[in-house]
Structure formats: C-alpha cells, structure tokens
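This report concerns only the one structure given below.
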Amino acid sequence: MPNTPGKKALAMEAFARALRALPAIIADNGGYDASELVASLRAAHARGETSAGLDMANGCVADMAALGVRESFKSKLHVLCSAAEAAEMILRVDDIVKCAPRKREGY
C-alpha cells in the first residue's frame with residue numbers, strides 16, 4: 001500500500017489484517033493450534049506454494065489442488081464484496097447514530 005496515501009491506506013491495511021485472521025479462526029474452530037498452523041501456512045506461501053491451505057481433517061498444511069479442493073473465483077469475489085459492503089453499511093449507520101440530533105423548532 002505504498003502508493004495509497006492517507007486514510008485509504010489505513011482502511012486497506014485493516015481489511016488485509018482481517019482477511020489474514022481467517023485461517024487462524026478456521027484453525028481455532030477446528031480445535032488445532034492456530035498459531036502453529038498459520039505460521040506453517042505463511043511459510044508455505046512464502047516458498048511459492050500458492051495452492052497451500054489448511055487441511056482440517058489432518059490438522060496440517062497441505063496442497064489443496066492435490067486434495068481436490070477447488071473454489072470458484074466468482075463465489076469468493078462475491079462473498080468478499082458482500083462482506084466489505086456489509087462492513088461499510090455498519091460503519092455508515094454508526095456515523096449516522098453518532099450525529100447530533102437536529103434541533104426542532106416549536107410550531
């Protein structure tokens with residue numbers, strides 16, 4: 001995000017941090033050591049293993065293509081956009097609620 005100035009960069013960083021939390025949440029829900037699995041997953045991605053993912057059946061990092069796990073890009077994009085829109089609507093409602101009430105004039 002070096003090319004994005006100001007508040008937009010902060011928002012993008014927070015959104016990326018939220019996306020990076022997803023594997024840890026999945027590992028926690030599976031009853032595994034989330035920090036160990038996420039560290040292994042990040043190391044696999046850093047080595048260039050782009051199809052690496054969490055194998056929740058065995059509690060390890062595995063090649064999702066070899067396991068036959070396929071996900072539609074369009075469905076992922078739709079889910080991601082819907083989540084971003086929902087978060088934006090929540091933030092907008094918070095801004096509206098925080099606004100001072102208008103002064104009413106007597107009739």
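Out of all the residues in the range 9-21, is one or more outside any helix (DSSP H, G or I), modelled with pLDDT under 90 and assigned by TED's automatic domain parsing to the domain that holds VAL61? Working first, answer last.
So in the range 9-21, the residues outside any helix (DSSP H, G or I) come out as none.
No, the range 9-21 has no match at all.
Which is in contact with a Leu (Cβ under 6 Å, 6 or more places away or on another chain) and not acidic (Asp, Glu), of ALA27, ALA39, ALA46? Steps first, answer last, please.
Numbers: ALA39 fails: in contact with a Leu (Cβ under 6 Å, 6 or more places away or on another chain); ALA46 fails: in contact with a Leu (Cβ under 6 Å, 6 or more places away or on another chain).
Matching residue, one of ALA27, ALA39, ALA46: ALA27.
Provide a single number: the residues in the range 29-42 that are within 22 Å of GLU71 (Cα to Cα) and surrounded by 11 or more Cβ atoms within 10 Å (Cβ to Cβ). Break it down stepwise before answering.
Filtering the range 29-42 down to residues within 22 Å of GLU71 (Cα to Cα) leaves 29-30, 37-38, 40-42.
Pick out the ones that are also surrounded by 11 or more Cβ atoms within 10 Å (Cβ to Cβ) and you get 30, 37-38, 40-42.
The number of residues fulfilling the criteria is 6.
The values are calculated or read from the model by the stated rules, or taken from the named source; none is laboratory data. Everything numeric in this text was worked out from a predicted model, so none of it was measured. All Cβ positions, even for glycine, are placed from backbone atoms using ideal geometry, and neighbour counts span all protein chains on display.
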